[in-house]
Every structure is written in structure tokens, then in C-alpha cells.
1. For the stretch A:93-120, how many residues are more than 11 Å from every other protein chain (Cβ to nearest Cβ) and assigned to a loop (DSSP other than H, G, I, E, B)?
2. Restricting to the stretch B:48-66, give me the number of residues that are within 8 Å of chain A (Cβ to nearest Cβ) and surrounded by fewer than 20 Cβ atoms within 10 Å (Cβ to Cβ).
3. Could you list, in sequence order, the residues of the stretch B:176-192 that are in contact with a helix residue (DSSP H, G or I) (Cβ under 7 Å, 6 or more places away or on another chain), within 14 Å of another protein chain (Cβ to nearest Cβ) and buried (at least 16 other Cβ atoms within 10 Å of the Cβ)?
4. Which residue out of A:Leu178, A:Leu123, A:Leu154 is farther than 28 Å from A:Met51 by Cα and outside any strand (DSSP E or B)?
5. Looking only at the stretch B:16-34, decide whether some residue is acidic (Asp, Glu), in the same structural domain as B:Phe127 (by TED's automatic domain parsing), under 18 Å from B:Tyr84 (Cα atoms) and loosely packed, with under 15 Cβ neighbours inside 10 Å.
6. Out of A:Arg31, A:Arg36, A:Arg23, which single residue is in contact with a helix residue (DSSP H, G or I) (Cβ under 8 Å, 6 or more places away or on another chain) and not β-branched (Val, Ile, Thr)?
7. Might you check whether a residue that is closer than 30 Å to A:Gly152 by Cβ and either touching a Cys at 6+ places or on another chain (Cβ under 6 Å) or not in a helix (DSSP H, G or I) (or both) occurs anywhere in the stretch B:15-35?
There are 2 protein chains.
Amino acid sequence: MIKNEEVLGLLPELDHALMPQERSQVLEVMRVRAYRKNEPIYKEGDSPTDMLCLVSGKVKIYKDGVGGRAQIVRVINAVECFGYRAAFSDENYVTAAAAFEQSVIASIPMSLIFQLIRRNPQLACFFIRRLAIALGRSDARTVNLTQKHIRGRLAESILFLKESYGTAEDGCTLNACLSREDMANLSNMTTSNAIRTLSVFAQERLISIDGRRIKILDEPALQKTSKMG
Amino acid sequence: MIKNEEVLGLLPELDHALMPQERSQVLEVMRVRAYRKNEPIYKEGDSPTDMLCLVSGKVKIYKDGVGGRAQIVRVINAVECFGYRAAFSDENYVTAAAAFEQSVIASIPMSLIFQLIRRNPQLACFFIRRLAIALGRSDARTVNLTQKHIRGRLAESILFLKESYGTAEDGCTLNACLSREDMANLSNMTTSNAIRTLSVFAQERLISIDGRRIKILDEPALQKTSKMG
DNA sequence: ACTTTTTTGTGTTAAATAACATCTTTTGCA
DNA sequence: TGCAAAAGATGTTATTTAACACAAAAAAGT
């Protein structure tokens, strides 16, 4: 099991913002636990008591919409903090989170975070920056998901997964292996259409498919499909 | 013309976060100017040099998408700050802003804002809170715009305008008078469909229309349409 | 006041996509 | 190992929505 000390070491951006005494306060109350594949982390409507930090694994932030259809709004990669937005705006969660795969997550009570940012502007700036980046992405995503056609949205999602989770050593096989349903929920389409369009992309040699393993064969063409449709 | 001093007075949340000396620094460099109806405020790709503060009027934040179609991602009401997100994430603007109607906008150089938040945690918290609220709304909006059908999206937009800009004294006539094109860009549909669906809503006595003036006649039914489609 | 341009309104057609049905394959589990 | 359940694949149909065409009304310039 990973030690609290090591977790902070993996988060230089956060770690550096903390004074030695603050650091020990954090280490003292931090809790670490493992989540199984597909295990829920928090649900829409839950009260956000803790800030979470993904130490290893992959996490999706999603929203359940009309007719049981979910929309993935954001993905989290190790090592990254998440789950703090709702607490900062004094709301319950408007999204849910679940692990794509076996994951290890540290949690720090938001009450401590609030205490710390009131005294530590550098820590506050850390959150400002994270939130600002997330908001920019969210706005861009809104337009991509609403205006592009199926091919464009799926191509975009594949490139998004490459950017978010990277590739194997070959530089083109995606590290993220999502179910077709998750691919669909990421791309705002039905599972059938995700399956179909992935096959078409494979026929066109934009990608190759081996079960859930996706390999990007022609990234420029994929970029073009993402832009043009 | 409004004085800088008065502008700050209109922003209690920001004003209170400032120490007297910081306050004078802000007042010294703040500039105020008027924008005509439909005048652009900033464009996608511009460098965000200033934080903006809408003193009076109404502003839309939008993104130009595929085929000249724009998507309104957020609206600003007086008195509210905007245009700081990109600066905080160290990017150029990924959205554009324009005035819905004649507006007065104050600007404060981001360089000063950066200086202030490094010393003033309360000011930093102001931005954390604003960004957290905006991000939650953006995520919710993504799902509403992607999963709901036309009627649901338009009903949602009408309620969104009521919430954002309020109503006249009668409690049901929207203060915001948008063109059909803006209604469409807010609701992710073509102008034709916005016109058509507004007419249908009027026939169904959910709303009444007098040019651009929209009056909500049956809010519960509108809520239901927004949820169910 | 007249012309031009923009906005609004309406009908028709074509394209995109969801819904559904069915089958196969894979996976998990007793 | 074998069975049940889940995931993946594919074809068909129905629905939704965009695109287009055109007319009327309103607004804006000259």
C-alpha cells in the first residue's frame, strides 16, 4: 500500500504550494483507498466532503442524462486531483465519478483545503489554474459535441483519449481501453453507432481495432475527420 | 459617464476582498468604455490582457463552430466579471464575447489581478468560487444541449434566460430580448427551428410572443418540457 | 419616402442518427 | 467445463433535425 508521504510526492504542483506545517496537516488526515474497475466514486447529488486525488488508474466524470444515457464530461489521469469543484461552489455534486479500471485514490477533507487556501495564496492559485483549464476544455467540448457529426465526434474522442491517457511505447496504441458503451458516452452517440463508426474507421485504415485496444494508424486523417466531419 | 469608484461599489463581492491600498491600485488602472449592440468585445484567439466587468447591459460568450454556426456557452449579466478564465490558464481566448445590447464594461489589467491574488487569498477565493460555479454550469449545459431534443433545449433556454436576466415587474416577461438567431445559438438548433418551435410553444400557450419579447405563460409546463422533451 | 438589407415565418426535402431487432462473441462465474 | 450474462456486431426502420427555398415583415440606411 502506498504511503501518504509518497502520494504528495507525486503531486509536485500541489506539494510545492504547501508550507512544511501545512504539509504535515495534509499527511495526517489523508486517506488512501483502492477502487475496483467500474466502481462508483461519487454520485450526482452527493455532498462533496473530500478532495480526491487519483494516484493510479483512470477515472471518468460523467452525468446521467435522458433515458439512462450517460455523458462523460471529463476524464482524470494519474496523478491528478478532482472532485473539488462542487465544494468550492457550495453545491452537491452535479456529476458522478467512477473508475474506468482498478484505481487508487487519496482523499483530503475539503474542510482542511478551505482552511489552507485562506492562508496560502499559492495553493489558491493552484486551484484557480486547474479550474480555469477545466472550464476552457468544457466550453470547447460543448461545441464539439453539439455541432460535429458522428464521425467528427468519434475521431475527436479518439484523439482526446490519446491526449488524456497517452499511448503505449509504439506511440499509437491508446493506453485507455474503454468499452464501446464508454466510447459512445464520451462521443455523445448510441453504442450501436460507436461500434459501427469504429468499424468504418478501421476499414478506412484510420485506426485498427483489437477488442478494446485502439491503434491510431493515420493521425492526420483522424485530425481532419475530427475537424471536418 | 460612470466613475471607477462607483463601479467597484457595484461589485461588493470583489470590493470587500480588496485592502484599501489594493483598492486604490485597481481604481487607478481601471478603464471604462461603452459597447454598442452586437459589438464584439473579444474574439477567439485574442490574448486576454484584461479582466472585464459588465457594469450595465448584457453580454454573450460564444464559440464559432462548424459552418459559421455559433454556440452561446454562457451569458453575463450586470454586474459581473468575465474574461479572466483564459488568462488564468495561460491560454488565448477559446471563446468570443459580444454585447447583446448597449453595454458598459470596465477593464482591469490581468497583470494587476495576478499581483493581487498572490497576496490576497480572499480575492483568490472569489475567483475560485466564480470558476467553480461556471464549470458546474458548463458541464450541466453540455449534457442538456447534447441529449435533449429541440423542444427540451428551447424550453431550457427560455428558463435559462429568465434565471440569468430576470423578468419585468410582471414576473413573466423576459428582460432579455434576443434575436431568433441568438435563441437558436443558445439552444443548439438552426434559426428556422428556433422560430418554428417558439411558434409552437406560443400555440400551446406555454409562452406568448410579441416580436422579441417573450412572456412565460405556463412555467410548470415549460419546466416539464425542458425535462421530458 | 424609397430602397436595400435583415429578420422572421412557413413549407418541403434530404440527411443524420436513434431505436429496434437479432445474432455472435466474449467474459464471468458456479 | 458449461451456462448465463454482458458486450460487440450488423442490418432495418422510424424519427429528428438540418438544409433549402421562398415569401412577408420589419429595420436600417440614403
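1. Residues meeting the conditions: 3.
2. Qualifying residue count for the region: 2.
3. Once the filter is applied, which keeps residues that are in contact with a helix residue (DSSP H, G or I) (Cβ under 7 Å, 6 or more places away or on another chain), within 14 Å of another protein chain (Cβ to nearest Cβ) and buried (at least 16 other Cβ atoms within 10 Å of the Cβ), the stretch B:176-192 yields B:Ala184, B:Leu186, B:Ser187, B:Asn188, B:Met189.
4. Numbers: A:Leu178 fails: farther than 28 Å from A:Met51 by Cα; A:Leu123 fails: farther than 28 Å from A:Met51 by Cα.
Only one candidate qualifies: A:Leu154.
5. Narrowing the stretch B:16-34 to residues acidic (Asp, Glu): B:22, B:28.
This time we only want the ones that are in the same structural domain as B:Phe127 (by TED's automatic domain parsing), so: B:22, B:28.
Filter again for under 18 Å from B:Tyr84 (Cα atoms), leaving none.
No: the stretch B:16-34 contains no residue that is acidic (Asp, Glu), in the same structural domain as B:Phe127 (by TED's automatic domain parsing), under 18 Å from B:Tyr84 (Cα atoms) and loosely packed, with under 15 Cβ neighbours inside 10 Å.
6. On the way: A:Arg31 fails: in contact with a helix residue (DSSP H, G or I) (Cβ under 8 Å, 6 or more places away or on another chain); A:Arg36 fails: in contact with a helix residue (DSSP H, G or I) (Cβ under 8 Å, 6 or more places away or on another chain).
Just one listed residue meets the conditions, A:Arg23.
7. In the first step, residues of the stretch B:15-35 are kept if they are closer than 30 Å to A:Gly152 by Cβ; the result is none.
Taking every residue of the stretch B:15-35 in turn, none turns out to be closer than 30 Å to A:Gly152 by Cβ and either touching a Cys at 6+ places or on another chain (Cβ under 6 Å) or not in a helix (DSSP H, G or I) (or both).
Listed here are the residues, each with its yes/no results for (1) within 16 Å of DNA strand C (Cβ to nearest atom); (2) of a type outside the set (S, T, N, Q); (3) assigned by TED's automatic domain parsing to the domain that holds A:Arg74.
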| residue | (1), (2), (3) |
| --- | --- |
| A:Leu135 | no, yes, yes |
| A:Ala140 | no, yes, yes |
| A:Leu159 | no, yes, no |
| A:Thr167 | no, no, no |
| A:Ala184 | yes, yes, no |
| A:Asn188 | yes, no, no |
| A:Asn193 | yes, no, no |
| A:Phe201 | yes, yes, no |
| A:Pro220 | no, yes, no |
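The values are calculated or read from the model by the stated rules, or taken from the named source; none is laboratory data. This is a predicted model, so every value here is computed, not measured. Every residue, glycine among them, receives a Cβ derived from its backbone with ideal geometry; neighbour counts consider all protein chains shown.
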